[in-house]
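Student: After the structure tokens below, expect a handful of questions from me.
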Amino acid sequence: MQSHYNLGFVAFSLIVATLASYTALDLADRLSLLAYARSRQIWLAGGALAMGFGIWSMHFIGMLSFSMSIPVGYDFAITCYSLAIAILVSWFALQIVTRERLKLSHLVAGGVLMGLGIAGMHYVGMAALLMNPAIHYDPTLFALSIVIAIAASTAALWLAHTLRGTDQQHLMPKRIGAACVMGIAIAGMHYTGMAAADFAPGSICGAASAVKPQWLAAAVIPFALAILIVTLLLSRLDARAAFLATSVARLNDQIDRMRDSTH
């Protein structure tokens, strides 16, 4: 079956993957500084939603870049299942990287589970096409996509844990560089999985009358950017407010000490 990629969508999927990765690194840093249980759980839930939607939207933008010579669509329920997987995987990842200490066993186990979750999200998303006959996957490329997902997830967990804290020099360039590496790895997994897919000649998309790619693009692209940018802004504002509160508390403490010393 004839197919081709829209290079504009491919480039945009890479940008979204990088932005989602940077958001994850920023949230990991913010969550590691929160000691109050309620605030931590709120940020954890919001972070999982933003990060999960960011990763999921990258994969669907990547799928939207892939055009076939037949009408296509996506089953709504299966598409939602793939989004739910992405959010759950993101919640799990943030739980791991915000621990005070990250043991090697936890890093490996977390990377494997997160990688399988991301790969599962991708292939469930592919299943939303409801192709008839079903998509056949090249075993070698299929296995390679899972290996890339696990390796990328393990590296992402390690980087997110390592780059926590505000006492490191040149933290921002390091975080941007790490986000670029993670974004390329996530996109690499997706397009390896797409390369593994073999659509038989004469295949029909069973979801052609369901959610149209144009509708999905119009909904996903602006919402993905909005939720990631808003999450980053809220994280930065919350961090700044916490810094100001700490500074005021220290100043008040110094004033009290000076008063005590004059008596």
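Student: Output ³J(HN,Hα) for the stretch 136-144: one whole-Hz value per residue in order, computed from phi by the Karplus curve 6.51 cos²θ - 1.76 cosθ + 1.60 with θ = phi - 60°, and x for Gly and Pro.
Tutor: 9, 10, 5, x, 5, 5, 4, 5, 5
Student: Report, by chain and number, residues whose modeled amide H sits under 5 Å from the one on Ile204, excluding near sequence neighbours (fewer than 5 apart, same chain).
Tutor: Result for Ile204 returns Asn132.
Student: Name the long-range amide H neighbours of Gly73: under 5 Å, sequence gap of 5 or more, or other chain; modelled H, no Pro or chain starts.
Tutor: Ala207, Ala208
Student: Further question on the same structure: So if R0 is 22 Å, what FRET efficiency would Thr162 and Arg250 give, r being the distance between their Cβ atoms, rounded to the nearest 0.05?
Tutor: Calculated transfer efficiency: 0.20.
Student: OK, next. Would you calculate the separation in nanometres between label points at Ala226 and Ala109, each defined as 7 Å from the Cα along the Cα-to-beta-carbon direction?
Tutor: Result for the modelled spin labels: 4.0 nm.
Student: Okay, next question. What is the gain in length, in nm to one decimal, between Ala11 and Ile184 on full extension, counting 0.36 nm per residue of separation less the C-alpha to C-alpha distance?
Tutor: Here the answer is 61.2 nm.
Student: Could you check the simple spin-label distance between Asp138 and Cys80, using points 7 Å along Cα→Cβ, in nm with one decimal?
Tutor: 3.6 nm
Student: Take Ala195 and Ala208, extend 7 Å from each Cα along the Cα→Cβ direction, and tell me the distance between the two endpoints in nm.
Tutor: 3.0 nm
No value in this document is a laboratory result; all are computed from the given coordinates. Bear in mind the structure is a predicted one, so any value in this text is a computation, not a measurement. Methodologically, a virtual Cβ is constructed for each residue, glycine included, from the backbone with ideal geometry; neighbour enumeration extends over all protein chains shown.
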